[in-house]
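Inspection log for the structure reproduced underneath, given as structure tokens.
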Amino acid sequence: MSDLPHTHTGLGPIDSVFRGIVFICRIAAGVALVAMTLLLGYQVFGRYVLNDTPTWVDPLSLLLVMLIAFLGAGIGVYEDTHLSVVVFRKMAARKIRSVMVIMTDTFLMIFGGLMFWYGGQLTLFKWNSLIPLIQWPEGLRSLPLTICGGMILVFSLGHLARHLLGRDTRTDSIE
């Protein structure tokens, strides 16, 4: 957890909770990546050595890709490494930059909240359907979207709170 590009402080125990969430998500994404690699290796082995392709590997691998991508996106918002265009913020005066940072954090909060809400609705709606070949709930496909939306919502709220309290350590947000 010490390899973060900057240390988030200023929110006390909330920062510790955020760091814990990010740590757990990194572990989950790493395990999912290793599992997906092993599964795809097994699929190739089954196809070319055993001449019996395990068809269940593809839908399971797609679930793992969703997990890896969405957990990574949530972590990216926390660490401020997500895709963002900062050239205009860097050119702007400090007060304008502050307004731009507040707007960005607010838009990300709204976006994360919408992902969380509608992802949750989709997850609940699809939960009783089964994914073909693996017979797992279809709602698992949208569960990473829901989790990521929640992460984006709370991490953006934390960034906004730090900024408004004057404790923002993001390099493009402050001078």
In segment 85-102, how many are touching a residue at least 40 places away in the same chain (Cβ under 8 Å) and under 23 Å from the mean Cα position of the chain (by Cα)?
3
Yes or no: Pro5 of a type outside the set (Val, Ile, Thr), surrounded by fewer than 17 Cβ atoms within 10 Å (Cβ to Cβ), at pLDDT below 95 and within 30 Å of Ile131 (Cβ to Cβ)?
no
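Quick check on this structure: which one of Leu133, Leu108, Leu160, Leu124 is in a loop (DSSP other than H, G, I, E, B) and not small (Gly, Ala, Ser)? It would help to see each step written out before you state the result.
Details: Leu108 fails: in a loop (DSSP other than H, G, I, E, B); Leu160 fails: in a loop (DSSP other than H, G, I, E, B); Leu124 fails: in a loop (DSSP other than H, G, I, E, B).
Result of the check over Leu133, Leu108, Leu160, Leu124: Leu133.
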If we keep only residues of segment 23-71 that are over 15 Å from the mean Cα position of the chain (by Cα), in a helix (DSSP H, G or I) and in contact (Cβ under 8 Å) with a residue 24 or more places away in the chain, then the residue nearest to Met115 (Cα to Cα) is Leu62
Filtering segment 121-157 down to residues that are out of contact with any Leu (no Cβ under 9 Å at 6 or more places or on another chain) and small (Gly, Ala, Ser) yields Ser129, Gly150
Answer yes or no: is there a residue in segment 77-99 that is assigned to a helix (DSSP H, G or I) and surrounded by 21 or more Cβ atoms within 10 Å (Cβ to Cβ).
yes
Quick check, is Leu153 crowded, with 18+ Cβ neighbours inside 10 Å and closer than 22 Å to Ile21 by Cβ?
yes
Working carefully through the options Leu114, Leu130, Leu64, find the one that is at pLDDT 95 or above, within 21 Å of Ile21 (Cα to Cα) and surrounded by fewer than 20 Cβ atoms within 10 Å (Cβ to Cβ).
Leu114
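The values are calculated or read from the model by the stated rules, or taken from the named source; none is laboratory data. Because the structure is a prediction, the values reported are computed rather than measured. Glycine gets a Cβ as well: all are built from the backbone with ideal geometry, and neighbour counts include every protein chain shown.
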